[in-house]
C-alpha cells in the first residue's frame, strides 16, 4: 500500500456528484412527474412498479433513489407518517439509501447482470420482508439490457408482487422493453432539460463554488450538454479546472472567473459572432470571404463539423423567426444578441432560401463527419452554399417565366428581348447585406401580390394540358377514334401495363373503326397485338383486328409525340434556359375524372379528358 502523502486534502468530489439532488425539490425540469407522484402519495394510490426513461444524464438513477427514500421515509426522530414526497430533512434511512448501502434498497445494474440467474436470485429475495425499512425496493438500472428469459422470469412477480415490494426501473431505451413489462409499470418520461433552465442552474452551482462564468460561456456549456444536467456539471467542472491550471489558481479573493473564450477553446467551438459573419457571407454568395473566415476558425481550433453545426443552429433560428415571427427567437438557447440578429436576418431572406441552406448544410455536415479530411469537406459544403445563393429560387423562376422575364444569377431579371443593361433587382432589407454584384438571396423579395409557387419540369408539362382530338371513351359506350383513345381506355380500366406499352411501343400505320395496322418497337412484347385485340373486344363489345407491319415506318409513338409537344412549349424552353443541363425525364398529368356511362348523343358532345398519371416508360 502506498504511503499517504502528508497534508493531502480530502478526495475531491466532482460537481456532478457533489450537487446530486437529494429530494424532489432539488430536481429541475421534471415538475410534471413530481406533481403526479405527489398526488399519488397524497391519495395513497402508489404503484408497485415504476419505469423512468430518458437520455443519459437527465436524472433517472437519482430520481429512483429519491423515490426509494420517499417510499421509506421516516423522520429523523423516528416519526412515521407513511410515504412522504416532502422530505425537509434527512430521515433515518435517507443517508444509507443515497449512498447505496441500505439493506432494503437493492440496486442492480442490468448491463452487467443480464441473465435469468440474476433475476431468479432477485425473485428469491422478494419473499422476505424488509429488514429495517417500510418497503423492499429494487432499482434496476438499464433494464432494457436484460435478456428475454430474464424478463419472462420477472413477469409474474412484477404483476403480483408482495405488498412490501416496489420495483423502480431506469432505461435509456424504452422501446427495447417488452410491452408486457411496460403494461405493469407506471411510466415517467424524463425529458431533456431546457437550455435556459440549465443555464440558470449552472450559474447557481458556479456561484456556490465561488466561480463566475460569463453568460456566453454558460450558454455554450448548456448547448454542449444537450439537455443533460450531469454533462453540464461535468463541463462546468472541466472549465473551472482549466481556468485554474492556466492562471495558477483563484484570485486574491478566492474567486475564479471563467470567460466565454476559455469555454469556447475548451469545447473547440467557433466564435458565435464569426459564425454569423460566415453565414452571411455564404448566403450572399461571397465564397472568398466565407472560405477565409472558415479557415480562420479552423486555425483557431474549431472543428469543421462544429462550425457547420453552429451554422445549422443559426439557420434554424432564422427560419423559425421567418416562419413564426420575431418572438420565436426568444425560445431556445439563443441569447438576446442572437435573437436580434436573427430577426434582422430573417427580414432579408425568403423562407425557401433558408430551407435550401438547411438542406445543403445538413448534407455538408454528414460529409464532413465521414470525410478523411473534414476541413476540405467543410469548405466544399460552403462552396455549394455560396453557389446556391446565385441561383433563383423555384418560385422566382416560375414567376419570371410567366411574366416573360429572364432570371439571372441572384434573382435579377429583365424582360425577354431587352438588353442586358435593363436588369434590376429588389433592394435588400435586414441583417444580410447584398454584395456589389447583387447576388444576395436577400435581394430577391417576393412581391406582395404574387403567390408562392413551386417549379418543376413536371409542373410545366402539366400546364400544357392538351385536349384529345376525339371524344373520350366511356365504360358505357366507348368511342375509339385513335390510339390515344385506346391508351386512355386502358387507363380507365386500370391496365397500366398495356397503356404504357401502347404509348411507348406502338407506331400507328393506319387506324379505322375495327381495324388497326401498326409497327411495333423492337422492345415490344410479342403478344402485344393479341392482348390488345382481346382487351378491345372486352371493353367495346366489338371485334377488332390488329395487324403488325414490319416494313412501314408508321407514325411516332404517343410518348414521342407528347415529349415533342412538351419540349416545343415556350414555358418549358425557358425553364431549360434558366436551369442549364436540366432534362425532362417524365411527363405526369392530373388524375383523370372517373367516367360515367352516357348515351350516344351525350358522347358526341363530350370533349376533353386528362391522361392517366402513370409515368411513361420505354423507348419509341
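The values are calculated or read from the model by the stated rules, or taken from the named source; none is laboratory data. Everything numeric in this text was worked out from a predicted model, so none of it was measured. Counting neighbours? That spans all protein chains shown, and the Cβs are built from the backbone with ideal geometry, glycine included.
For (1) more than 30 Å from residue 222 (Cβ to Cβ); (2) crowded, with 17+ Cβ neighbours inside 10 Å, each residue gets a yes or a no:
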{"residue": "62", "(1), (2)": "no, yes"}
{"residue": "79", "(1), (2)": "yes, no"}
{"residue": "92", "(1), (2)": "yes, yes"}
{"residue": "120", "(1), (2)": "yes, no"}
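Taken over segment 551-587, residues that are touching a strand residue (DSSP E or B) at 6+ places or on another chain (Cβ under 6 Å) and more than 20 Å from residue 524 (Cβ to Cβ) amount to 1.
Taking segment 530-545 as the range and being touching a strand residue (DSSP E or B) at 6+ places or on another chain (Cβ under 6 Å) and surrounded by 18 or more Cβ atoms within 10 Å (Cβ to Cβ) as the test, only 532 passes.
Residue by residue, here is whether (1) part of a loop (DSSP other than H, G, I, E, B); (2) modelled with pLDDT of 90 or more holds:
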{"site": "138", "(1), (2)": "no, yes"}
{"site": "152", "(1), (2)": "no, no"}
{"site": "212", "(1), (2)": "no, no"}
{"site": "219", "(1), (2)": "no, no"}
{"site": "223", "(1), (2)": "no, no"}
{"site": "227", "(1), (2)": "yes, no"}
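Sub-6 Å Cβ pairs linking a first residue in segment 561-577 that is farther than 20 Å from residue 487 by Cβ to a second residue that is outside any helix (DSSP H, G or I), at least 6 apart or interchain, are 576/582, ordered by first then second residue. When segment 245-269 is filtered for residues that are touching a strand residue (DSSP E or B) at 6+ places or on another chain (Cβ under 6 Å) and at pLDDT below 85, the ones remaining, listed by number, are 250, 256, 257.
Of all the residues in segment 39-81, those that are on the phi > 0 side of the Ramachandran plot and free of Cβ contacts under 8 Å to residues at least 60 places away in the same chain number 2.
Checking each residue in segment 167-181 for being surrounded by 15 or more Cβ atoms within 10 Å (Cβ to Cβ) and assigned to a helix (DSSP H, G or I) picks out 174, 181. Does residue 132 qualify as being touching a strand residue (DSSP E or B) at 6+ places or on another chain (Cβ under 9 Å) and either crowded, with 16+ Cβ neighbours inside 10 Å or part of a loop (DSSP other than H, G, I, E, B) (or both)? It is false that residue 132 is touching a strand residue (DSSP E or B) at 6+ places or on another chain (Cβ under 9 Å) and either crowded, with 16+ Cβ neighbours inside 10 Å or part of a loop (DSSP other than H, G, I, E, B) (or both). Is it true that residue 37 is in the same structural domain as residue 174 (by TED's automatic domain parsing), closer than 17 Å to residue 107 by Cβ and in contact with a helix residue (DSSP H, G or I) (Cβ under 9 Å, 6 or more places away or on another chain)? No; evaluated as a whole, the condition is false for this residue.
Only one entry in 588, 559 is crowded, with 16+ Cβ neighbours inside 10 Å and at pLDDT 85 or above, namely 559. In this entry, residue 307 passes the filter for residues that are at pLDDT 85 or above, closer than 27 Å to residue 212 by Cα and in a helix (DSSP H, G or I).
When 97, 66 are checked against the criterion of being in a helix (DSSP H, G or I), crowded, with 22+ Cβ neighbours inside 10 Å and either out of contact with any strand residue (DSSP E or B) (no Cβ under 7 Å at 6 or more places or on another chain) or not assigned by TED's automatic domain parsing to the domain that holds residue 129 (or both), 66 stands alone in meeting it.
Just to be sure before I move on: is residue 109 touching a strand residue (DSSP E or B) at 6+ places or on another chain (Cβ under 7 Å), surrounded by fewer than 23 Cβ atoms within 10 Å (Cβ to Cβ) and within 29 Å of residue 32 (Cα to Cα) in the structure I sent? For residue 109, the condition - touching a strand residue (DSSP E or B) at 6+ places or on another chain (Cβ under 7 Å), surrounded by fewer than 23 Cβ atoms within 10 Å (Cβ to Cβ) and within 29 Å of residue 32 (Cα to Cα) - is met. Here residue 13 does not fit the description of being within 27 Å of residue 233 (Cα to Cα), free of Cβ contacts under 8 Å to residues at least 12 places away in the same chain and not in a loop (DSSP other than H, G, I, E, B).
Does residue 103 fit the bill of being closer than 23 Å to residue 41 by Cα and either in contact with a helix residue (DSSP H, G or I) (Cβ under 7 Å, 6 or more places away or on another chain) or surrounded by fewer than 18 Cβ atoms within 10 Å (Cβ to Cβ) (or both)? No, not satisfied.
Filtered by the rule that a residue be under 36 Å from the mean Cα position of the chain (by Cα) and surrounded by 14 or more Cβ atoms within 10 Å (Cβ to Cβ), segment 27-46 gives 27, 28, 29, 30, 33, 34, 37, 38.
Each row is one residue, and each column tells you yes or no for (1) crowded, with 21+ Cβ neighbours inside 10 Å; (2) touching a strand residue (DSSP E or B) at 6+ places or on another chain (Cβ under 8 Å).
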| site | (1), (2) |
| --- | --- |
| 494 | no, no |
| 501 | yes, no |
| 505 | yes, yes |
| 515 | no, yes |
| 527 | no, no |
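Residue count for segment 222-241 under the criterion of being without any contact (Cβ under 8 Å) to a residue 60 or more places away in the chain and in contact with a strand residue (DSSP E or B) (Cβ under 8 Å, 6 or more places away or on another chain): the result is 2.
Residue 215 satisfies every condition listed in (1) out of contact with any helix residue (DSSP H, G or I) (no Cβ under 6 Å at 6 or more places or on another chain); (2) in contact (Cβ under 8 Å) with a residue 24 or more places away in the chain; (3) in the same structural domain as residue 140 (by TED's automatic domain parsing) except (3).
A single member of 137, 131, 165, 116 is over 28 Å from residue 190 (Cα atoms) and in contact with a helix residue (DSSP H, G or I) (Cβ under 7 Å, 6 or more places away or on another chain), and it is 116.
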